[in-house]
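Participant: Sharing a structure with you now.
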Amino acid sequence: MKPVQVWYIDCPWFYAQRCTHSKTKFGGGTTAQYPTMQDQELLTICEYIKANSAKDAVMFSWCVTPKIFFCLYFMIKCGFKIVNKGFAWEKINADGSPFLGS
């Protein structure tokens, strides 16, 4: 495998604080939509990322507000230096209005 130059990841964050019995359009949060991983499980892939990264590799990670500190820690454990935020998403509702929430 060639060394990876750009890592673009979207971790399956686990939210212990999320309501799993909710009747919202999200069906009870992420755990009802797809398998999630605990923080310690996510850290197990750091050595793989380190071993397969080019010397000048960069990492972009989708990070949600409740996990911001862990996300930065994860990136450091993967061998990256935190330099800056690459970009931010702005979510839009079906009616075209901005999505407000976390």
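Participant: Kindly indicate the residue of segment 43-75 that is part of a strand (DSSP E or B) and over 14 Å from Ile9 (Cα atoms) and also most open to solvent (accessible area, probe 1.4 Å) among those meeting that condition.
Facilitator: Lys55
Participant: Just checking, does segment 64-76 include any residue being modelled with pLDDT under 85 and out of contact with any Phe, Trp or Tyr (no Cβ under 7 Å at 6 or more places or on another chain)?
Facilitator: yes
Participant: Suppose we keep only residues that are within 17 Å of Gln40 (Cα to Cα) and either hydrophobic (A, V, I, L, M, F, W, C) or not in a helix (DSSP H, G or I) (or both) within segment 76-100. Which one would you say is most open to solvent (accessible area, probe 1.4 Å)?
Facilitator: Ranking the qualifying residues of segment 76-100, first place goes to Ile76.
The values are calculated or read from the model by the stated rules, or taken from the named source; none is laboratory data. In this text, all values refer to a predicted model and were calculated from it rather than measured experimentally. Here Cβ is always computed from backbone atoms with ideal geometry, including for glycine, and neighbour counts include all displayed protein chains. Accessible surface is based on the protein model in full, side chains and every heavy atom, while ligands, DNA and RNA are left aside. Shrake-Rupley method; radii C 1.70, N 1.55, O 1.52, S 1.80 Å.
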